[in-house]
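Have a look at the structure below, then the notes.
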Amino acid sequence: MKIINLLIVLCLCACNTNKEKVEPVDNFTDSISLEPCATIFLQPYEDFSQKEAEILGNKVLKKLNKLYYGYWSIKVLPSRPLPIKAYYKPRHRYLANVLLKDLPNRSSPIYIIGLTHKDISFKIHNTSNYGIMGLTPLGKNKSIVSDFRAKGDDFVAVIVHEFGHVFFGLRHCLDTNCIMCDYQKHKGKPFNFNLCKEHEGIR
Ligand SMILES: [Zn+2]
Ligand SMILES: [Zn+2]
């Protein structure tokens, strides 16, 4: 059977070489779009400097390229003051849902991520004011993230995790080796830039 298939392939190749007109290769390369799948806008808040946002953006791009198929570009927006109404004085935190509302609305496929050094919180896990690392509302193309609880590569992982929610609609995973694992399940362990078998199929 394999020999027959091989003969058919060889026959087709031979037929192609006999054609008078062969499509030029340039026609194929012209049809490949080099436009990004999406532009990711980083919106630094207050003391989160533009330089910090640029360095962070480059690290995020490297990890996105490692985990997912696609092409994204990152742009850093001018810094923005933290809205006073987001401040929660009793815990010296900023309310993540209020910050999300403050982020400018961008139409898809543009994705905007607010960056802050401040502690952010949300009503979750049966607690009215729970300290979190990042939040993305379902079906929205915006996130707010804070490096108050996640430093260095862990903070990069928080952004890559939120990206998975926005672009691929990925849900939380029980596998602590998967980037889509809920932060709470890590219990202080460093994040891994991996996708579990189930999530690998969706990317
Ligand atoms: Zn999540
Ligand atoms: Zn997973």
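The values are calculated or read from the model by the stated rules, or taken from the named source; none is laboratory data. Computed from a predicted model, the values in this text were never measured in an experiment. Cβ coordinates were reconstructed from backbone atoms using ideal geometry, including for glycine residues, and neighbour counts include every protein chain displayed.
Only residues in the stretch 173-185 that are surrounded by 14 or more Cβ atoms within 10 Å (Cβ to Cβ) count as the first member; pair them with residues that are basic (Lys, Arg), Cβ under 6 angstrom, at least 6 apart or cross-chain, and list the lot.
Thr176/Lys185
Looking at (1) closer than 25 Å to Ser49 by Cα; (2) not in a loop (DSSP other than H, G, I, E, B), which one does Phe167 not meet, given that it meets all the others?
Checking Phe167 against (1) closer than 25 Å to Ser49 by Cα; (2) not in a loop (DSSP other than H, G, I, E, B), the one that fails is (1).
Can you spot a residue in the stretch 176-193 that is over 18 Å from Gln43 (Cα atoms), part of a loop (DSSP other than H, G, I, E, B) and touching an Asp or Glu at 6+ places or on another chain (Cβ under 7 Å)? Don't jump to the end; show me each part of the working.
Here is the first cut: in the stretch 176-193, the ones over 18 Å from Gln43 (Cα atoms) are 176-193.
Cutting the leftovers down to part of a loop (DSSP other than H, G, I, E, B) gives us 176-180, 182, 187-193.
So of that shortlist, the ones also touching an Asp or Glu at 6+ places or on another chain (Cβ under 7 Å) come out as 190-191.
Scanning the stretch 176-193, I find at least one residue that is over 18 Å from Gln43 (Cα atoms), part of a loop (DSSP other than H, G, I, E, B) and touching an Asp or Glu at 6+ places or on another chain (Cβ under 7 Å), so the answer is yes.
Would you check which residues across the stretch 84-105 are surrounded by fewer than 17 Cβ atoms within 10 Å (Cβ to Cβ) and over 21 Å from Arg149 (Cα atoms) and list them?
Listed by number, the residues that qualify are Ile84, Lys85, Lys101, Pro104, Asn105.
Considering only the stretch 47-62, state which residues are touching a residue at least 60 places away in the same chain (Cβ under 8 Å) and either within 22 Å of Lys140 (Cβ to Cβ) or loosely packed, with under 13 Cβ neighbours inside 10 Å (or both).
The answer is Asp47, Phe48, Ala53, Leu56, Val60.
Would you confirm whether or not the stretch 164-185 contains a residue that is touching a Leu at 6+ places or on another chain (Cβ under 7 Å), modelled with pLDDT under 95 and small (Gly, Ala, Ser)?
There is at least one residue in the stretch 164-185 that is touching a Leu at 6+ places or on another chain (Cβ under 7 Å), modelled with pLDDT under 95 and small (Gly, Ala, Ser).
Is it fair to say Lys89 is out of contact with any Gly (no Cβ under 9 Å at 6 or more places or on another chain) and modelled with pLDDT under 95? First the steps, then the outcome.
On the way: out of contact with any Gly (no Cβ under 9 Å at 6 or more places or on another chain): yes; modelled with pLDDT under 95: no.
So Lys89 does not fit the description; no.
Every residue, every condition in (1) of a type in the set (S, T, N, Q); (2) within 11 Å of ligand 1 (Cβ to nearest atom); (3) under 25 Å from Asp102 (Cα atoms), yes or no:
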{"residue": "Ala150", "(1), (2), (3)": "no, no, yes"}
{"residue": "Asp153", "(1), (2), (3)": "no, no, no"}
{"residue": "Val156", "(1), (2), (3)": "no, no, yes"}
{"residue": "His165", "(1), (2), (3)": "no, yes, yes"}
{"residue": "Leu170", "(1), (2), (3)": "no, yes, yes"}
{"residue": "Asp175", "(1), (2), (3)": "no, no, no"}
{"residue": "Gln184", "(1), (2), (3)": "yes, yes, no"}
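Inside the stretch 194-203, can you point out the residues that are touching a Cys at 6+ places or on another chain (Cβ under 7 Å), within 15 Å of ligand 1 (Cβ to nearest atom) and not in a helix (DSSP H, G or I)? Break it down stepwise before answering.
Filtering the stretch 194-203 down to residues touching a Cys at 6+ places or on another chain (Cβ under 7 Å) leaves 194-196, 199.
When the remaining residues are screened for being within 15 Å of ligand 1 (Cβ to nearest atom), the result is 195-196, 199.
Those that are touching a Cys at 6+ places or on another chain (Cβ under 7 Å), within 15 Å of ligand 1 (Cβ to nearest atom) and not in a helix (DSSP H, G or I): Leu195, Cys196.
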